[in-house]
Every structure is written in C-alpha cells, then in structure tokens.
Amino acid sequence: MAAVIGRVTIQARLASVGGRPSGFEYLRLALAVAVVVWHSVVAAYGVGMDDAAWRSPAGPLARLILPLFFALSGFLVAGSLERSRTLITFLGLRVLRIYPALGVECLMSALLIGPTLTSLPLKVYFNDSRFRSYLLNVFGDVHFRLPGLFASNPFPDIVNAQLWTVPYELGCYALLAGLAVLGLVKHRWIGPLSIVVALAAFAIRKTFEAGGLTNGNHVFGPLLLISFVSGVTLYMYRDKVFSDFRLAATAGVLLYLSSLAAASPTLSGLSLFIPPLAAYCVVYLGLLDPPKLFFLAGADYSYGIFLYGFVVQQCVALLCPWTRQWYLNVLVALPVATAFAAISWRFVERPALNLRPRLNQIEATVLARLGRTTLARPV
C-alpha cells in the first residue's frame with residue numbers, strides 16, 4: 001500500500017479519485033454499525049454491564065468510534081464549506097442534512113412508538129410533560145424519556161441514548177461557521193490554533209474537576225468538537241499533508257494507546273492526542289477507493305442507522321426478551337435499523353437534500369435585496 005500511495009498529498013489523492021473516494025462511505029457505514037454493536041451491551045444487559053464493557057479490551061476501541069465519526073464529518077463538511085457561496089448555503093445544507101431525519105425520529109418515537117408501547121393509559125401519556133419535552137429534541141434540547149416507555153427494559157426509561165451527541169453536532173457546525181467568519185481558509189492557521197486553544201482549555205477545566213482528565217471510561221463531548229476541528233484542519237492543509245501508509249499505521253497505534261490511557265487517572269492526559277490522530281487515520285482510510293457495493297449506490301444509510309439504531313434496540317429488548325444477549329440484539333436490531341435507515345433515506349433525507357436548488361434561490365434573493373451579486377465567501 002505504501003508503494004501505491006507513497007508521498008502523495010491528501011489533495012492529490014482526492015483529485016485522483018474525482019474528489020469522491022468510496023472509503024468515506026464505507027467508513028461512515030462501519031462506524032454507524034459499530035455504534036449499534038456497542039449499544040447492544042447496554043440494551044441487552046443494562047448499565048452495570050456497560051461499565052464492565054468499557055473496562056474490557058474492547059473499551060479502547062469503542063472509545064474511538066465517536067471521535068473518528070466527528071473527525072470524518074469535519075473533513076467532509078470543510079469541503080462543503082469551501083464549495084458554498086455564502087454561509088446561507090453552508091448552514092442551509094447542514095439543516096437539510098440533519099433536521100428532517102431528526103424530526104422524523106422524534107415524532108415517530110413520541111407519536112407512534114410511545115403510544116403503542118407505553119404502559120400508561122394514552123390520556124395520561126399525552127398529558128405527561130415528558131411527552132412534550134421529548135419533542136424539543138428536534139431543536140437540540142435533548143430529552144431521553146417518554147412516559148411509561150421501556151420501564152422494564154434492562155436499560156430502563158431511555159428512548160434514544162444516542163441523542164446526547166446532537167448538541168455537539170450542532171455545535172460543530174456553529175463553530176465552523178464562526179471560524180469561517182474569521183477567515184479560516186484565507187488564514188488556515190486558525191484551524192490548528194483553535195485546536196491548541198480548545199485542548200488547553202479542556203485540559204485546564206478537567207484538571208480542576210473531580211477525576212482529572214478522565215471520567216472513568218466514557219467519551220468527553222468536548223473532545224468530539226476538537227476531533228471535528230481536527231478533521232477540518234486536515235482538509236485545510238490537504239495540499240501539505242501526505243497520505244502515507246506508514247504514517248497512518250503509526251498514528252493508528254498511537255491512537256489506540258491514547259484511548260487505552262484515557263481510562264487511567266494517571267495517564268488520562270494522553271487522551272488529548274486522540275482528536276488529531278483520529279483525524280489522520282480516518283482521512284487516510286477514507287481516501288482509499290474500493291469498488292462500491294450495490295447498497296452504497298446513490299444512498300447513505302449511515303445517519304439513519306446512527307439515529308434510529310438505539311430506539312430499535314430498545315424496542316427489540318422490550319418485545320423480544322429472548323434477544324437480551326448482545327449478539328442476539330445486534331442480529332435482530334441491526335437489520336431493522338437498516339430498514340428504517342433505508343426508508344429514511346428514500347423518503348426523508350434524499351428529498352430534503354434535493355431542496356438545494358431552492359436553497360440557492362433563497363441565497364440569490366437575499367443577495368439581490370442587498371443589491372449585491374455576491375457576499376464575502378464563508379471561507
């Protein structure tokens with residue numbers, strides 16, 4: 001592999017595959033599936049076994065799933081930013097990508113799954129404040145519970161644990177828009193500077209908190225933001241950074257060791273190396289371009305699997321108690337979640353993305369009313 005890629009820059013590698021390597025699509029799907037597999041532990045056994053799983057040999061790998069996901073997103077979204085004429089287009093595309101599927105998930109859980117599976121009378125269910133609060137998930141105000149739902153599950157009461165990442169995802173887009181206003185591409189050093197500042201602030205804050213830089217086993221939300229910006233920065237320096245197998249292998253080893261150290265009170269500071277290492281590894285793998293299998297042709301099921309997976313797993317644990325082994329939960333829930341993801345892509349996500357021409361019209365209208373043919377580019 002080293003002989004194939006050699007000293008080729010990331011930019012040259014992107015150009016050689018037409019700017020759309022299939023590796024990123026496989027990675028998105030693999031990471032979404034990995035989230036479902038990992039959540040099968042808590043869905044099947046409850047939070048006690050979840051803590052034990054974090055301490056198992058698989059724990060360091062599980063701790064890397066979301067940083068890799070966010071670093072990958074940062075690299076790809078930075079490209080979207082660069083191609084956007086103004087922030088109207090950039091932020092509009094982010095809204096079209098995130099909110100339609102998120103809104104459907106919230107409504108489906110609250111208006112279909114909840115009333116069907118709740119242990120409470122429907123009048124009590126709909127009058128409960130938790131029902132109204134759950135609908136706020138659409139706006140990034142996260143709530144995990146619906147009245148009378150999943151109370152007897154091994155992981156009781158929680159409808160969709162994965163929603164905790166939504167505020168950080170929205171924060172990433174807001175942060176990138178802010179960096180764009182500061183002139184991120186024209187002054188691309190803003191990217192690495194923001195990483196250093198964020199890591200320093202994170203380290204200082206956690207040093208003065210109980211437990212230091214480690215929370216035992218789980219993933220810190222702020223590290224996801226830094227992973228995202230690391231992916232953005234790697235995109236901005238794509239003409240300077242080489243895509244090299246030896247570098248990727250070294251980064252992979254160091255990434256695993258950093259994740260392994262993250263659970264240790266004495267070595268948890270090494271977790272600060274996770275974001276940049278995750279970014280390089282995920283970009284190197286994403287730049288590979290294996291042939292697309294049929295299920296990747298014109299479709300992206302990763303977001304749907306990521307978003308709907310835990311809800312499906314909780315339903316499976318409730319309706320099929322015999323699946324309360326992690327592998328049985330995966331065998332049943334993953335195909336169902338994939339089916340939901342396919343439906344979501346076909347009837348929600350892709351139609352929303354097809355609204356881009358309308359977004360361009362809105363942008364043109366705004367520019368016309370300002371009496372201008374263009375605004376300062378977001379980059």
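Is one or more of the residues making up region 28-40 surrounded by fewer than 17 Cβ atoms within 10 Å (Cβ to Cβ) and not small (Gly, Ala, Ser)? Within region 28-40 (the criterion being surrounded by fewer than 17 Cβ atoms within 10 Å (Cβ to Cβ) and not small (Gly, Ala, Ser)), the answer is no, since none of the residues qualifies.
Here is a check on your reading of the model: is Pro192 in a helix (DSSP H, G or I), surrounded by 15 or more Cβ atoms within 10 Å (Cβ to Cβ) and at pLDDT below 90? So Pro192 fits the description; yes. A count restricted to region 173-184 and to residues that are in contact (Cβ under 8 Å) with a residue 24 or more places away in the chain, within 15 Å of Leu91 (Cα to Cα) and out of contact with any Ser or Thr (no Cβ under 7 Å at 6 or more places or on another chain) stands at 6.
Listed by position, the helices (runs of 4 or more DSSP H) contained in region 115-189 that have at least 2 residues being farther than 22 Å from Leu319 by Cα and touching a Lys or Arg at 6+ places or on another chain (Cβ under 9 Å) are 129-134, 166-181.
Is one or more of the residues making up region 45-55 within 29 Å of Ala248 (Cβ to Cβ) and either in contact (Cβ under 8 Å) with a residue 24 or more places away in the chain or not in a helix (DSSP H, G or I) (or both)? Checking region 45-55: at least one residue is within 29 Å of Ala248 (Cβ to Cβ) and either in contact (Cβ under 8 Å) with a residue 24 or more places away in the chain or not in a helix (DSSP H, G or I) (or both). Of the residues making up region 84-97, those that are over 15 Å from Pro357 (Cβ atoms) and either over 20 Å from the mean Cα position of the chain (by Cα) or surrounded by 20 or more Cβ atoms within 10 Å (Cβ to Cβ) (or both) number 4. Examine region 114-134 for a residue that is under 28 Å from Ser73 (Cβ atoms), without any contact (Cβ under 8 Å) to a residue 24 or more places away in the chain and of a type in the set (Gly, Ala, Ser), and state whether such a residue exists. Checking region 114-134: at least one residue is under 28 Å from Ser73 (Cβ atoms), without any contact (Cβ under 8 Å) to a residue 24 or more places away in the chain and of a type in the set (Gly, Ala, Ser).
The values are calculated or read from the model by the stated rules, or taken from the named source; none is laboratory data. Only a predicted model underlies this, so the values are computations on that prediction, with no experimental measurement involved. Counting neighbours? That spans all protein chains shown, and the Cβs are built from the backbone with ideal geometry, glycine included.
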